[in-house]
């Protein structure tokens with residue numbers, strides 16, 4: 001089992017450990033040099049379909065990982081961690097806050113696996129039904145999850161777990177509410193690596209100024225072939241453009257891609273296109289994701305990750321993030337995904 005453990009830091013990912021466990025040994029020992037509590041990602045498998053698990057560790061922790069990634073669908077990493085009080089705090093709070101929603105998603109995922117792959121890819125009515133069911137689960141729990149997260153943050157001001165929970169609700173919570181909650185955290189947490197990253201995201205100028213009816217910031221970047229592409233030039237040749245901020249390592253982005261591909265193919269001859277802006281750091285990973293997910297539209301990236309100068313004017317603090325503009329570069333919708341995007345395009349192109 002090959003893998004890597006990384007930790008977000010100043011727009012990049014710091015590598016804490018690289019490993020290649022021999023199946024015959026069935027165990028390994030890792031040493032990670034850290035000076036403060038860390039939010040980490042364990043990434044297993046190949047770059048096309050990595051298995052990712054988040055966890056927390058603190059200096060001095062002696063922890064034991066028990067991992068299994070051999071489930072039938074190979075899309076979930078079962079990882080148990082013993083010996084980290086911080087990770088136990090996170091696990092218990094995560095189960096309490098997100099448990100009900102995750103249980104429904106587990107049932108939903110099992111339902112999807114009962115269908116043949118070909119049927120899922122070709123039956124449009126089935127796709128619509130499943131997408132509607134998925135959004136219903138999200139909307140059912142959204143309000144309660146937000147309340148529970150904000151209460152947890154209020155009661156756990158000295159824990160970096162609070163920072164991660166704030167990012168989990170960032171897409172559905174007003175930025176001023178997030179800023180107020182973040183401001184109440186301890187100075188130690190705010191000055192941690194992950195705390196500083198979230199602070200930069202919350203204080204980026206962009207979302208408040210990107211109001212519907214205004215012209216969006218211009219984007220000029222290079223595609224995978226090194227050719228320069230202009231967003232405004234592309235927009236002038238199309239009725240609608242979906243600006244899609246994403247990355248190869250972003251699980252939610254990759255899961256959303258098949259739906260966007262379907263809509264792109266459905267409306268591309270009517271004046272719709274997609275302008276992908278990747279927050280990748282590595283050219284190879286970016287190109288492989290484009291090929292694997294069959295993203296046959298426009299792509300740019302400066303390969304600077306969260307330091308990207310292409311995404312900064314838009315105030316992107318989490319991905320996927322989307323903006324829909326017209327042929328004049330005027331913003332007409334933000335953060336449409338799933339059935340919302342489908343219904344929006346259906347209305348515009350009817």
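Miscellaneous remarks
- Against the conditions (1) free of Cβ contacts under 8 Å to residues at least 40 places away in the same chain; (2) touching a strand residue (DSSP E or B) at 6+ places or on another chain (Cβ under 6 Å), residue 300 satisfies every one except (1).
- Any hit, segment 229-240, residues being assigned to a strand (DSSP E or B), in contact (Cβ under 8 Å) with a residue 60 or more places away in the chain, under 25 Å from the mean Cα position of the chain (by Cα) and more than 17 Å from residue 131 (Cβ to Cβ): yes
- Looking across segment 271-285, the residues that are at pLDDT 95 or above and either under 19 Å from the mean Cα position of the chain (by Cα) or assigned to a helix (DSSP H, G or I) (or both) come down to 274, 275, 276, 277, 278.
- Restricting 48, 31 to those that are on the phi < 0 side of the Ramachandran plot, modelled with pLDDT of 65 or more and surrounded by fewer than 17 Cβ atoms within 10 Å (Cβ to Cβ) reduces the list to 31.
- Unmet criterion (only one of (1) within 30 Å of residue 313 (Cα to Cα); (2) crowded, with 17+ Cβ neighbours inside 10 Å) for residue 131: (1)
- Among the helices (runs of 4 or more DSSP H) confined to segment 134-201, the ones with at least 3 residues that are in contact with a helix residue (DSSP H, G or I) (Cβ under 8 Å, 6 or more places away or on another chain) and under 24 Å from residue 315 (Cα atoms) are located at 161-168, 175-183.
- Scoring residue 226 on the criteria (1) in contact (Cβ under 8 Å) with a residue 40 or more places away in the chain; (2) within 24 Å of residue 303 (Cβ to Cβ); (3) part of a loop (DSSP other than H, G, I, E, B) leaves a single failure, condition (1).
- Yes/no for residue 322 being crowded, with 16+ Cβ neighbours inside 10 Å and at pLDDT 95 or above: no
- Among the conditions (1) out of contact with any helix residue (DSSP H, G or I) (no Cβ under 6 Å at 6 or more places or on another chain); (2) more than 23 Å from residue 39 (Cα to Cα); (3) in a loop (DSSP other than H, G, I, E, B), residue 249 misses just one, which is (2).
- For residue 72: the one exception among (1) assigned by TED's automatic domain parsing to the domain that holds residue 33; (2) at pLDDT 85 or above: (2)
The values are calculated or read from the model by the stated rules, or taken from the named source; none is laboratory data. Everything numeric here is computed off the predicted structure, so don't read it as measured data. Positions of Cβ are generated from backbone atoms using ideal geometry, with glycine treated the same way; all protein chains shown enter the neighbour counts.
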